[in-house]
Amino acid sequence: MKKFNVSILAVSALVLGLAVAGCTPGKDSATSSTEALAKVGTVSISKDQVYEAMKKEAGKRVMSDLIIKEIYKLEAVAQGVTVSDQELDAKINPIKEKMGPEKFQEYLTEEEITEDELRERSRLILLRDKMFEKAYPITEEQIKEYYEKNKEKLDGTLEEVRPKVTEKVKDKNKRSNMSTWIKELKKKHNVQILDKAFEKVEDTEKEADKAELPASK
């Protein structure tokens, strides 16, 4: 499974922070947007310049990421879907045990996040999966079909390998239907792109929401 990559989250936070700093009404807004973040000789590089450059470089991807996160949160409230601390523990603790304290801390350091941040981002992933699987549930027929097509590669009867097969079918289901589901949620929650620079953001998940935790098995 793909490693939990949070680089896009850092970009999201920075772009959003620069946007707020540069666009907040008030007497200090102009000064804030032109504040120098770096200097090359006597030439200053302002927050405004950095924000505009980042909009062009990663703006649509970041905007899509932020919109999708908010959609998930709104939809979870609408459906009454929650993820408990116990559910998070069941997901994260086996990973911690497998990696060991030292490797797990190295992992957090590499990704530049705290364990609390990892838990909250994992909570969003679990929320997403609960809602998606409710909207696009897999069937027993799909599980059996996958097993029949791949049983030569699988070591055991269907019941013996059912957990593995189920995960494979779920992954395939996400690839086939996630984009459609996100489009449906955008329409339901009346998403509007107000800045033309961010128009035509993709309806597929990017790094942050597409990411998963390290495999625990």
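In segment 161-181, the residues that are part of a helix (DSSP H, G or I) reach residues that are among the polar types (S, T, N, Q) and modelled with pLDDT under 95 with C-beta atoms within less than 6 angstrom, at least six apart or across chains, in these pairs: Ser179/Thr204.
So, Lys144, is that one assigned to a loop (DSSP other than H, G, I, E, B) and either at pLDDT 95 or above or among the charged types (D, E, K, R) (or both) or not? It is false that Lys144 is assigned to a loop (DSSP other than H, G, I, E, B) and either at pLDDT 95 or above or among the charged types (D, E, K, R) (or both). Among residues of segment 107-123 that are free of Cβ contacts under 8 Å to residues at least 24 places away in the same chain, those with a Cβ under 9 angstrom from a residue that is assigned to a helix (DSSP H, G or I) and basic (Lys, Arg), sequence gap 6+ or separate chain, pair up as Glu115/Lys96.
Applying the criterion of being of a type in the set (Val, Ile, Thr) and either more than 30 Å from Gly80 (Cβ to Cβ) or surrounded by 13 or more Cβ atoms within 10 Å (Cβ to Cβ) (or both) to the residues of segment 90-147, the residue that is farthest from the chain's Cα centre (by Cα) is Ile143.
For beta carbons closer than 6 Å, sequence separation of 6+ or different chains, a first residue in segment 69-83 that is exposed (fewer than 15 other Cβ atoms within 10 Å of the Cβ) and a second that is not in a helix (DSSP H, G or I), the qualifying pairs are Leu74/His189. Of all residues assigned to segment 75-84, none qualifies as being at pLDDT below 90 and within 16 Å of the chain's Cα centre (by Cα).
Of everything in segment 75-88 that is in contact with a helix residue (DSSP H, G or I) (Cβ under 9 Å, 6 or more places away or on another chain) and not small (Gly, Ala, Ser), the residue that is farthest from Trp181 (Cα to Cα) is Asp85.
The values are calculated or read from the model by the stated rules, or taken from the named source; none is laboratory data. What you see is a predicted model, and the numbers here were worked out from it, not measured in a lab. Note that we place each Cβ from the backbone using ideal geometry, even for glycine, and neighbour counts take in every protein chain shown.
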